[in-house]
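Colleague: Please find one structure pasted underneath; my questions will follow.
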């Protein structure tokens with residue numbers, strides 16, 4: 001296969017089209033605009049639809065329409081745009097419509113800035129819209145994963161009939177690395193539930209309204225059952241040099257790349273350090289955390305946010321191990337040096353292994 | 001009468017086939033609609049169903065239900081049904097139509113839905129000339145939520161949120177949607193009709209059919225605004241409400257066609273056919289053909305080169321980094337290129353991180369570059385401290401050239417353990 005140098009944002013679009021995506025409705029925003037631009041270039045060439053909508057609100061409701069009509073469809077945005085899309089994401093989860101949303105995060109709150117941050121975790125992973133729903137969330141940390149996880153996102157969206165978010169930061173979207181794509185394009189079949197303007201699909205209805213409380217409760221329980229299956233089957237995490245590790249660094253996206261560099265250096269110094277990288281943020285890879293907790297002394301969460309994933313790590317560990325936290329925000333990146341310094345400090349501490357401890361949270 | 005057979009009577013106005021025989025999606029009273037006595041929705045529904053029958057498009061039709069009293073339009077229409085979010089029917093309809101161009105997509109909206117929360121979506125769908133049909137039922141009030149002021153509420157008209165009547169000073173003037181949309185180039189057909197009396201109803205039926213037929217003919221965007229009675233919220237009898245449409249509403253909202261290019265509008269071109277599936281890799285430029293041979297794939301030896309390129313925007317800073325990365329890729333190395341990006345503005349500075357390595361690259365961030373390429377003086381000052389003592393500078397800044405030997409390269413010393421052997425030197429060199 002051909003290795004090509006490509007931006008993460010472009011890799012998403014090419015992977016999406018190879019996965020059968022034939023609709024893109026979006027609104028420009030830095031640092032996600034290259035996705036929209038690449039979609040504008042390629043989708044019309046493959047018989048797909050590209051439309052720059054009047055707003056993110058309109059764009060996500062166009063996804064609702066395209067998905068209802070049975071087409072694999074996606075959009076891309078960043079922080080403020082994702083906030084505007086929450087209405088449609090809730091409707092799509094309620095109406096059980098599949099779609100893929102790329103969130104190339106930037107600094108917030110408000111207009112914030114356009115530098116990379118990870119402050120969208122809560123609004124994406126916890127569901128920023130109303131009602132009892134979840135989105136499945138994948139977190140690539142390389143350009144190759146931008147391609148691979150986008151393909152996976154379309155499959156998961158169809159399998160669970162639910163929106164799936166590819167959550168990447170501005171760095172992963174903007175950087176170029178070699179990437180390989182599968183040789184052949186796929187063409188998914190029209191789903192049976194789609195409203196396609198045909199005799200066979202005439203009796204179909206796409207809706208999220210259940211006026212009777214009993215019916216809505218049954219619907220919400222059915223969504224819950226779906227999410228439960230996803231939790232059992234789809235949680236993924238990468239363990240990097242965790243054999244024998246006493247200190248495990250936890251991060252996703254660009255942070256995970258920095259953590260690998262830090263861990264490599266720490267290992268060279270003889271420190272027992274590994275990296276646990278959640279690949280799915282929902283479902284959260286709770287089991288991997290619990291397994292590692294049996295032999296690891298301390299976890300160090302590093303985030304470009306004020307501690308949003310940190311909450312899920314604490315929930316997963318449930319107090320079994322102490323959790324340290326290092327945070328940079330505003331578009332600043334945790335430096336190699338500051339992480340390494342924390343790792344050295346923790347490695348010096350002689351904490352007893354395999355005994356529950358009181359959780360200690362440090363801010364650096 | 002009781003002995004009459006079907007053969008003796010011709011059914012002039014039967015139940016349209018586009019309606020379900022029994023409204024099974026409704027929880028109870030499945031033989032009747034949920035609309036109040038005297039409500040205009042029932043009449044408009046029947047017009048639409050008849051148009052679908054007459055045009056023979058039942059299998060192709062997709063109805064987009066709004067939020068409002070007609071949220072349950074899908075109880076009644078035996079067509080494909082999609083129920084959308086408040087005000088978003090034109091956005092939903094846009095994508096349904098573009099995804100299934102053979103379908104006939106009809107958006108059905110009330111005045112709160114279309115003229116208030118959905119004002120952006122209707123304006124832009126109309127402006128794009130989407131080949132869809134919008135039925136806009138204007139009863140000058142939010143009915144389903146209990147009678148709040150709408151953009152189309154008349155001046156002086158009382159509502160639960162304008163208890164003393166709508167005032168121009170506080171709520172502005174009634175919004176004339178049809179006139180507004182008729183200022184746009186793209187729409188093919190925009191007409192306002194009323195349900196004020198039988199003559200008006202007949203005219204309305206004609207307009208609804210035309211708006212759907214335009215789409216069947218592929219002409220483009222059509223909208224029919226229907227002035228429609230709401231006896232319950234208006235607190236009138238059905239007959240009084242009908243009179244009110246004709247005698248009061250019509251004064252603010254005059255009937256008529258505001259755009260009619262039905263006769264001369266050309267049919268829109270069909271979307272181009274999709275390419276064969278096996279051609280898609282080539283179209284995307286990811287097929288094997290044209291793959292560049294890796295020219296130095298056999299080379300061994302440790303390589304871990306970290307480069308930072310910095311300068312003004314427009315100097316080719318990012319391009320230089322990209323060329324480096326591309327060269328590394330062709331030499332069989334692992335590479336990464338990471339730009340610092342900023343808003344598009346004058347005097348912006350620019351820099352990028354490039355790594356070339358034999359082993360997989362962990363962090364693409366270059367904190368301590370082996371080589372700094374500084375294309376201007378501010379970049380040199382900003383980044384020179386980040387270059388380790390044994391690192392190299394490569395600068396075009398004039399001041400530095402003056403300071404150091406007048407050469408473009410002021411210092412060049414390799415870390416031989418990191419660099420390809422062919423690049424390694426023992427001491428400072430000049431380029």
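Colleague: Hey, does the stretch B:254-277 have a residue that's crowded, with 23+ Cβ neighbours inside 10 Å, in contact (Cβ under 8 Å) with a residue 40 or more places away in the chain, assigned by TED's automatic domain parsing to the domain that holds residue B:123 and part of a loop (DSSP other than H, G, I, E, B)?
Modeller: For the stretch B:254-277, residues crowded, with 23+ Cβ neighbours inside 10 Å, in contact (Cβ under 8 Å) with a residue 40 or more places away in the chain, assigned by TED's automatic domain parsing to the domain that holds residue B:123 and part of a loop (DSSP other than H, G, I, E, B): absent.
Colleague: Condition test on residue A:51, is it in contact with a strand residue (DSSP E or B) (Cβ under 9 Å, 6 or more places away or on another chain), within 30 Å of residue B:279 (Cα to Cα) and in contact (Cβ under 8 Å) with a residue 60 or more places away in the chain?
Modeller: Taking the combined requirement at face value, the residue does not satisfy it.
Colleague: Follow-up question, since we're still on this one. Which of (1) within 11 Å of another protein chain (Cβ to nearest Cβ); (2) touching a strand residue (DSSP E or B) at 6+ places or on another chain (Cβ under 6 Å); (3) buried (at least 22 other Cβ atoms within 10 Å of the Cβ) is the odd one out, the single condition residue B:57 does not satisfy?
Modeller: If we test residue B:57 against (1) within 11 Å of another protein chain (Cβ to nearest Cβ); (2) touching a strand residue (DSSP E or B) at 6+ places or on another chain (Cβ under 6 Å); (3) buried (at least 22 other Cβ atoms within 10 Å of the Cβ), just (3) comes out false.
Colleague: Do we have residue B:215 as in the same structural domain as residue B:228 (by TED's automatic domain parsing), outside any loop (DSSP other than H, G, I, E, B) and free of Cβ contacts under 8 Å to residues at least 60 places away in the same chain here?
Modeller: No, not satisfied.
Colleague: Still on this structure, I have one more. Could you say whether any residue in the stretch A:62-83 is within 12 Å of chain B (Cβ to nearest Cβ), more than 15 Å from residue A:168 (Cβ to Cβ) and surrounded by fewer than 22 Cβ atoms within 10 Å (Cβ to Cβ)?
Modeller: No, every residue in the stretch A:62-83 fails to be within 12 Å of chain B (Cβ to nearest Cβ), more than 15 Å from residue A:168 (Cβ to Cβ) and surrounded by fewer than 22 Cβ atoms within 10 Å (Cβ to Cβ).
Colleague: Next question. Looking at (1) touching a helix residue (DSSP H, G or I) at 6+ places or on another chain (Cβ under 8 Å); (2) over 25 Å from residue A:30 (Cα atoms); (3) modelled with pLDDT of 95 or more, which is the one condition that is false for residue B:374?
Modeller: Only one criterion in (1) touching a helix residue (DSSP H, G or I) at 6+ places or on another chain (Cβ under 8 Å); (2) over 25 Å from residue A:30 (Cα atoms); (3) modelled with pLDDT of 95 or more is unmet by residue B:374, namely (3).
Colleague: Continuing with this model, one more query. Only one residue in A:161, A:221 is assigned by TED's automatic domain parsing to the domain that holds residue A:14 and free of Cβ contacts under 8 Å to residues at least 60 places away in the same chain. Which one?
Modeller: Criteria check complete, one pass: A:221.
Colleague: Pull up the stretch B:61-73, narrow it to residues that are facing chain A (nearest Cβ under 8 Å) and buried (at least 24 other Cβ atoms within 10 Å of the Cβ), then point me to the one that is farthest from residue B:143 (Cα to Cα).
Modeller: The extreme case among them is B:61.
Colleague: In addition: Taking residue A:42 as meeting all but one of (1) within 7 Å of another protein chain (Cβ to nearest Cβ); (2) buried (at least 24 other Cβ atoms within 10 Å of the Cβ), write down the number of the exception.
Modeller: Single failed check for residue A:42: (2).
Okay, residues lined up against (1) within 11 Å of chain B (Cβ to nearest Cβ); (2) crowded, with 17+ Cβ neighbours inside 10 Å:
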residue: A:148; (1), (2): no, yes
residue: A:182; (1), (2): yes, no
residue: A:186; (1), (2): yes, no
residue: A:195; (1), (2): yes, yes
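Colleague: Ok, one more. Identify, please: which residue in the stretch A:1-29 is in contact with a helix residue (DSSP H, G or I) (Cβ under 6 Å, 6 or more places away or on another chain), at the interface with chain B (Cβ under 8 Å from one of its Cβ atoms) and assigned to a helix (DSSP H, G or I) and is, among those, nearest to residue B:285 (Cα to Cα)?
Modeller: A:14
Colleague: Would you check which residues across the stretch A:108-128 are more than 21 Å from residue A:33 (Cβ to Cβ) and touching a strand residue (DSSP E or B) at 6+ places or on another chain (Cβ under 6 Å) and list them?
Modeller: Matches in the stretch A:108-128: A:125 only.
Colleague: Mind listing whichever residues of the stretch A:51-75 are in a strand (DSSP E or B) and either more than 23 Å from the chain's Cα centre (by Cα) or not assigned by TED's automatic domain parsing to the domain that holds residue A:190 (or both)?
Modeller: Once the filter is applied, which keeps residues that are in a strand (DSSP E or B) and either more than 23 Å from the chain's Cα centre (by Cα) or not assigned by TED's automatic domain parsing to the domain that holds residue A:190 (or both), the stretch A:51-75 yields A:51, A:52.
The values are calculated or read from the model by the stated rules, or taken from the named source; none is laboratory data. In this text, all values refer to a predicted model and were calculated from it rather than measured experimentally. Note that we place each Cβ from the backbone using ideal geometry, even for glycine, and neighbour counts take in every protein chain shown.
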